[in-house]
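Undergrad: Before we start, here is the structure in question, set down as structure tokens.
Please treat every number below as a calculation from the coordinates, not as lab data. Small disclaimer: the values here were computed from a predicted structure and weren't measured. Here Cβ is always computed from backbone atoms with ideal geometry, including for glycine, and neighbour counts include all displayed protein chains.
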Amino acid sequence: MIELGKYSATVLVAWGVSLLLLGGIVVQSLMAAARARRSLEAEEAARKVKHG
């Protein structure tokens, strides 16, 4: 493993926080994409019903 010296705890905590934040951004993006897809599908279905 890489030798981090006396700053190892600080560096590892920073890496952990960064990974958690990036994971949160990925989850939020996937949820927003799913919500947008459902909204678009509902909009298209309503348009098909309206225009036959």
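Undergrad: Restricting attention to the chain, report how many residues are aromatic (Phe, Trp, Tyr) and surrounded by fewer than 10 Cβ atoms within 10 Å (Cβ to Cβ).
TA: Qualifying residue count for the region: 1.
Residues are listed down the side, and each one gets a yes or a no for (1) assigned to a helix (DSSP H, G or I); (2) touching a helix residue (DSSP H, G or I) at 6+ places or on another chain (Cβ under 8 Å); (3) not basic (Lys, Arg):
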site	(1), (2), (3)
Glu3	no, no, yes
Ser8	yes, no, yes
Val13	yes, no, yes
Leu19	yes, no, yes
Ile25	yes, no, yes
Arg38	yes, no, no
Ala42	yes, no, yes
Ala45	yes, no, yes
Lys48	yes, no, no
